[in-house]
Structures are given as structure tokens and as C-alpha cells.
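The values are calculated or read from the model by the stated rules, or taken from the named source; none is laboratory data. Because the structure is a prediction, the values reported are computed rather than measured. Heads up, the Cβs are rebuilt from the backbone with ideal geometry, glycines too, and the neighbour counts pull from every protein chain shown.
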Amino acid sequence: MSKNQKTIVELEAVAKVYAQGDQAVHALRGITMSISEGEFTAISGPSGSGKTTALNLIGALDTPTSGTVRLEDADLGTMSRQALSLLRRDRIGFVFQAYNLLPVLSAYENAELVLAVQGVAQSERRERVMDIMAQCGLEGLEDRRPSELSGGQQQRVAIARAIASNPAVVLADEPTANIDSTTANTLLGMMETLNQKQNITFLFSTHDQRVMDRARRVIHLVDGQIDSDDVRT
Amino acid sequence: MANVNLKRMAWRNLWRHRRRTILTLSAIVFGTFLSIIMQSMQDMNWADMIRVAARLGAGHVTMQHPEYLDAPTMSRSVTNVTQLRAVASSHPDTSHVVERIPGFALLSTARENIGAGFLAVSPEHESEDTLQILEAITEGAFFESSTDSGIILGATLANNLDAELGSKIVYTLTDRDGEVVSALARVSGIIQTGAKTVDSTICLLPIDTVRELIGFGPEDTIQVASFIDDQRQSDAVAANLKADVPATGVAVLTWAELQPDLASFILMKLAGSWFIMGIVGVLVAAGIFNTMFVGVMERLREFGIMLAVGFTPKQLFRLIMWESSWMATVGLAGAAIVTVGPYWYLSNVGIDLTALMAGMEAAELEVAGIGLPNPMMVGIYRSNLVMICTLAVSAVLLSGLYPAWRACRTEPVETIRVG
């Protein structure tokens, strides 16, 4: 964990309990952790360990049963639905396991989507998106629809979409799960480069060893609790 | 937020399931086409019938004695015809104003005595635009003046009286005091409309000749009839006339009040057609709703993603409503393309009713004594066309409301897997 850098994400005694029929499922049991600017961190753990829930809470997609989640000092628990929507738009980038691009938009349109929603002017948008697409190795694929792209290419577009708006943190859910090993290594290398060159904070949820090998910090969850928190130098 | 092109996204979304969209559009096109053609048949057909009824009867709006409708006797007349004509003529929707004396007469020849309806008319004011049977004078001619001594008989009536052009006819009426009066006339014309009711029961007489016979002055008459170009204005014209004519002594009635049988028939038919169109509308709307709803439920995950990356629920709502709007626009355009050809044919060539009703002659087609026009042409009032199109668009937009609301209620965490 970087000691000298600004804290981006902070979880304080966060618990999440789901109701499953008559049963209460404790997905998270009072975890406390923080992520600093520029980190390249993986949350790992077996299925049901709570990593999905943790990412949902950090991504302002869900609310904790107890405890506090802060993003850049903003307490998500006190924010309205509209405010959370704007926070996601402006400060969080998402990369999903299943790419989740909008099928009716071209690669370029998908990559510029968040900027368009933000209302960034078209000329500025174009400049930024073309630059990011080039960094993501998507030159020449701008006009293709997702159905015309390979899995790896789609995930590149998803990464371009996530970083285009210069978010405080990119949350990546099993980004390598659906792609072959070579492509996975290339994508991880690309994200590592973006992290190192542009200081973009990445937070992965994964059980892919390749991701954990590249992460500079690995938070291991077991049964909704932090089992270990390893920072590599 | 203005930079997201929701219209373009909605348009593309519409064509993601091309076959489903085409089926839905077909429902809109077919429903609108059916409604327009059905309404066209109604509008033109009923307008024609009302025009014919007005030209056979007492116009679209009639001024007469308030008690004449209940007990039609010559004592129930109106006076100041010149003033009433002037008031009626001053209305901008009025095209013609005529004065008439209708009644019953006993017609006698040397061989026969037959009762018939008569209409005393003014040749100076009447034309085929106000008195349709003038088109059907097959022998002789219309009166030369209001003081003419002729009589024009329906062809069957003439035949039953064993009369022909030039034959002497004695007609007997009751005058304004209830006394029986008679006059001699010579047959100056024969009418052959083909309609049995008309040909066997109607005769025409010159109005001033009748006035003198029944004791009317030159300013007395039974009816002052107004003809208007658009029958839908009858009520408005009647309302204006009521305000303009003397408060007592004159009743202003529309064709519907004078011919309630015909009015009821038309109302019944209109109600029936609106009921059918309502059912068609509901079925079409249900089909569209189903398509929109299924389309939304299939895309909940996508909506979750959109909300996750910063779309607002309001934007999702607008996206779905744009999809509905496109559906309505394309459906309406399709309906226009599909409708133009058949509408042109039916409004220019028409439907031959005798071909549909085997064994019937055109003149035999009648409702409440009013002949049906044959061939039946179609034509739709602009207001009805606008109403149908508005209803079609509204049905499509309303069908999208709930799916749009459902879309914007999507919880991203429930529809996408983040970790």
C-alpha cells in the first residue's frame, strides 16, 4: 500500500448481508481497507468470498448493510441515486468480465460513451478517444460493431471506455476470464502500462493467477473477511 | 448529457430484432390502414346520404313553425319569409336557401283518385343542388314560374293515375283554416328516379299557386330550408340561426331532428364502426406493448451497464420512448404508403354496391327512404384522418410508457456481475 499517495477508496468496517429466502448470507463481515492513487491491486479469493460484493460497493452499485465506503472522501452511503449515478459517470471506470459493450454502437462510439454522457464536446471527445484507442491497440477498428470484434478486441474497447473519462479508479471484474492466455497477457500488460505511465488506479476482482502475479498488491478474501493483504515492492 | 445521441441509439435498437420490429410495424400499418379505409367509407357514405336526404327533404337546417313537426297542418306556417331567407343566407356556411310548402294532396283524374305527397317549390330558387329529383325529370320540364299551373308527377304515380304530359289533374288540399280546396293543373313533367317510394308518391307544385289556393300571403310558407356545404356544420348553423331569428314563432331544426330515422341509423353505424376500430386499436396496442416490454426485459443487463457507466434513469426512459416514437413514425409512414393506392382507387372508382348485392338495382338501395349512392365512393374528413393518426401515435407511445418506466427502474447490481 502506498503511504504517500492520496487515498482513493476507503472501506471502514463494511458489512453486507443478503437475504436468501429465510437465510441471511454474510457476504462481507466488517472489512476495512483503503486503495491509494496509482495502485494496481487485485482482490482475490474463492467463489463466495465477497470480492464481487466488495467491488459492487466500491463501484457505487450497491450499499453496505453497515460501515462506510468512501470514494475520494465522498461517503457513498449519504449520496442520492442521482448523485451516485454522476459519481460513477465521472470518477469510476468499469471493465466487466463479459465486456458488456453496447451492441448497437461501434467500437469508437462505445469508447466515447462515458465522455458523451458527460457532455464533453465532440472535438475534444474525438481527440481523446482516438488517442486512447491507439493506446489500446484499436486503430482501424473504430467503426466495427462489437459483434465484429474478437473477445480480446472487445475487452480492449471496454478498457478504452473505462479510462476515457480519466476516472479516479478502474474496477475490473475478472477481465481475463473469457479470453485466451496470450490475449490475457497482452491486455494485462496494456493495463499495467496505463497504470505506470498515466498513474491510473486499477482494482481487479479475480482468481486468475496471471492477474495476481502482475498485481503490486493482492488482498485475499475468505468468507467475507480479509485473510491477507500483500504489498509487493 | 446532451451529447448522447439517444435518437440514433433508439433507431438502431429498433432494428436489432428486425423480424420482430417488422411484425410490430405491420400491426401498426394494418391497424391504421384499416381504420382510415373504414372511416373513409363512413365519412363519404354518410355525407352523401345526408346530402341526398337534405335535397329530398327540407335541407340541412330548416326553419318552420314550432308545432309543425308534431302536427303538420297548413295552419302552422311561418311568416316574414324574406327576412328569414336573408338571415339564413347571411351565414357563411350556407350555400342555398329555399322556401317550401310540403303536404298531402288527393290527385284525381277521370279514372283514378290517389293520395300523394306534394312539395310546393319556387323555380326561381330551386335547382338540382337543392332538389335532387329535378335531375330525374325525364319528360316535360320544371315550372317556368312560381305561378305556373302545371304539376310534376312521379312516373309510377302518373302511371297509376293514367296520366301523361298535358293530362288534367285535380288536386285537393286542406287550406290554412282546415277547409278543403281544389285546383286544376296540367301535367308538365314526369319524374323517374328509379326509387319506388319517390316515383309512386311524390308530386311537385308551384309555390305561389299553392299559396294562393291555401290562403297564404306572399310572405307565408311552411319551411325555409338552408343547404350547407359541410353537413357537419348543421348544428353550428342551426345554433346561429336560433340566435338570429325571432324568439317565438319559428323553430330551427337540423336534418337529424327532421329525419330521426336516418340520424339514428347513421349514429348506430358510426358507433359500430368506432367499436370495431376500438377493438382493432386495443389489439394493435397490446401487440406493440408486448414487443416493447419483451424488448426491454431482454435488455435489462444492458440497461444495468448503461446505468453503471453514468446514464441516468431519465435518459433510459427517454431512450425507450424514442424507440416508441420511431416505431410510431415508421408505422405511420408505412400506413401512408400502404393506404394511398387503395384510397385513391376507392375515392375515384368506388365500390359497386349492386355487384355486392346480387339481384338489386342501384335505385333499390335505400335506408329510411334515402337511396344509397352507387358506386359508393370513399373520402375522409381531415379531422378524422388527424384523429386516427393521433390515436395510432398515442397508442404506440402509451405502449412504450410502462416498458420505459421498467427500464429506468433497473438496478445495475441486480443485472450485471461486477466481481
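Scan the stretch B:161-176 and give yes if some residue there is hydroxyl-bearing (Ser, Thr, Tyr), in contact with an Asp or Glu (Cβ under 9 Å, 6 or more places away or on another chain) and more than 11 Å from B:Leu204 (Cβ to Cβ), otherwise no.
Checking the stretch B:161-176: not a single residue is hydroxyl-bearing (Ser, Thr, Tyr), in contact with an Asp or Glu (Cβ under 9 Å, 6 or more places away or on another chain) and more than 11 Å from B:Leu204 (Cβ to Cβ).
Could we say that B:Arg51 is in a helix (DSSP H, G or I), within 30 Å of B:Ser273 (Cα to Cα) and basic (Lys, Arg) here?
In short, yes.
Among the residues of the stretch A:45-68, write down those that are facing chain B (nearest Cβ under 7 Å) and in contact with a helix residue (DSSP H, G or I) (Cβ under 8 Å, 6 or more places away or on another chain).
Selection gives A:Asn56, A:Gly59, A:Leu61, A:Asp62.
If A:Glu39 passes every condition in (1) more than 19 Å from the chain's Cα centre (by Cα); (2) more than 10 Å from chain B (Cβ to nearest Cβ); (3) of a type outside the set (Val, Ile, Thr) but one, which one does it miss?
Condition (1) is where A:Glu39 drops out.
Could you identify the single residue in B:Asp230, B:Asp220, B:Asp199, B:Asp235 that is out of contact with any His (no Cβ under 6 Å at 6 or more places or on another chain), among the acidic types (Asp, Glu) and either at pLDDT 90 or above or closer than 19 Å to B:Val81 by Cβ (or both)?
When all the criteria are applied, what remains is B:Asp220.
Based on this model, can you work out whether A:Leu188 counts as buried (at least 20 other Cβ atoms within 10 Å of the Cβ), part of a strand (DSSP E or B) and within 17 Å of the chain's Cα centre (by Cα)?
No; evaluated as a whole, the condition is false for this residue.
Of these, A:Ala107, A:Ala98, which one is among the small types (Gly, Ala, Ser) and either over 17 Å from B:Ala308 (Cβ atoms) or at pLDDT 90 or above (or both)? Outline the logic, then answer.
Values: A:Ala98 fails: either over 17 Å from B:Ala308 (Cβ atoms) or at pLDDT 90 or above (or both).
So the residue among A:Ala107, A:Ala98 that is among the small types (Gly, Ala, Ser) and either over 17 Å from B:Ala308 (Cβ atoms) or at pLDDT 90 or above (or both) is A:Ala107.
Under 7 Å between Cβ atoms, at least 6 apart or on separate chains: pull out the pairs that start in the stretch B:8-29 with a residue that is within 14 Å of chain A (Cβ to nearest Cβ) and end on any residue that is charged (D, E, K, R) and crowded, with 17+ Cβ neighbours inside 10 Å.
B:Ala10/B:Glu323; B:Asn13/B:Glu323; B:Leu14/B:Glu323
Scan the stretch A:11-34 and tell me whether some residue there is within 14 Å of chain B (Cβ to nearest Cβ), among the small types (Gly, Ala, Ser) and surrounded by fewer than 19 Cβ atoms within 10 Å (Cβ to Cβ).
Yes, the stretch A:11-34 contains a residue that is within 14 Å of chain B (Cβ to nearest Cβ), among the small types (Gly, Ala, Ser) and surrounded by fewer than 19 Cβ atoms within 10 Å (Cβ to Cβ).
Taking the condition away from chain A (no Cβ under 14 Å) and at pLDDT below 85, does B:Gln42 pass? Steps first, please.
Details: away from chain A (no Cβ under 14 Å): yes; at pLDDT below 85: yes.
So B:Gln42 passes the test.
Identify the residue in the stretch B:113-144 that is touching a residue at least 24 places away in the same chain (Cβ under 8 Å) and closer than 17 Å to B:Val81 by Cβ and, among all such residues, is surrounded by the fewest Cβ atoms within 10 Å (Cβ to Cβ).
Result: B:His125.
Given the conditions (1) among the charged types (D, E, K, R); (2) within 7 Å of another protein chain (Cβ to nearest Cβ); (3) not in a helix (DSSP H, G or I), report the number of the one that A:Arg88 does not fulfil.
(3)
Taking the conditions exactly as written (buried (at least 16 other Cβ atoms within 10 Å of the Cβ), touching a residue at least 24 places away in the same chain (Cβ under 8 Å) and under 16 Å from B:Leu119 (Cα atoms)), does B:Thr201 satisfy them or not? Before you say what the answer is, go through the steps one by one.
Values: buried (at least 16 other Cβ atoms within 10 Å of the Cβ): yes; touching a residue at least 24 places away in the same chain (Cβ under 8 Å): yes; under 16 Å from B:Leu119 (Cα atoms): yes.
So B:Thr201 fits the description; yes.
Taking the stretch B:157-173 only, how many residues are surrounded by 20 or more Cβ atoms within 10 Å (Cβ to Cβ) and not aliphatic (A, V, I, L, M)? Please lay out each step first, then the result.
Here is the first cut: in the stretch B:157-173, the ones surrounded by 20 or more Cβ atoms within 10 Å (Cβ to Cβ) are B:157-158, B:161, B:163, B:169, B:171, B:173.
Imposing the further condition that a residue be not aliphatic (A, V, I, L, M) reduces the set to B:171.
The qualifying residues number 1.
Just for strands (runs of 3 or more DSSP E) wholly inside the stretch B:146-223: which have at least 2 residues that are within 36 Å of the chain's Cα centre (by Cα)?
The qualifying strands (runs of 3 or more DSSP E) are B:150-154, B:180-191, B:202-206.
Being in a loop (DSSP other than H, G, I, E, B), closer than 18 Å to A:Leu113 by Cβ and at pLDDT 90 or above is the filter here, so list the residues in the stretch A:136-164 that pass it. So that I can check it myself, show each step before the final result.
Initial filter on the stretch A:136-164 (in a loop (DSSP other than H, G, I, E, B)): A:136-145, A:149-150.
This time we only want the ones that are closer than 18 Å to A:Leu113 by Cβ, so: A:136, A:138, A:141-145, A:149.
Residues satisfying the conditions are A:Leu138, A:Leu141, A:Glu142, A:Asp143, A:Arg144, A:Arg145, A:Leu149.
Of the residues A:Asp223, A:Asp227, A:Asp143, which single one is farther than 28 Å from A:Leu87 by Cβ, surrounded by fewer than 16 Cβ atoms within 10 Å (Cβ to Cβ) and within 14 Å of chain B (Cβ to nearest Cβ)?
After ruling out the rest, the residue left standing is A:Asp143.
Within the stretch A:193-200, is even one residue surrounded by 15 or more Cβ atoms within 10 Å (Cβ to Cβ) and of a type in the set (D, E, K, R)?
The answer is no; no qualifying residue exists.
Looking only at the stretch B:352-362, decide whether some residue is surrounded by fewer than 14 Cβ atoms within 10 Å (Cβ to Cβ) and modelled with pLDDT of 90 or more.
Scanning the stretch B:352-362 turns up no residue that is surrounded by fewer than 14 Cβ atoms within 10 Å (Cβ to Cβ) and modelled with pLDDT of 90 or more.
This table checks each residue for (1) surrounded by 15 or more Cβ atoms within 10 Å (Cβ to Cβ); (2) facing chain B (nearest Cβ under 9 Å); (3) assigned to a loop (DSSP other than H, G, I, E, B).
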| position | (1), (2), (3) |
| --- | --- |
| A:Arg70 | yes, no, no |
| A:Gly93 | yes, yes, no |
| A:Gln97 | yes, yes, yes |
| A:Pro103 | no, yes, yes |
| A:Val114 | yes, yes, no |
| A:Val120 | yes, yes, yes |
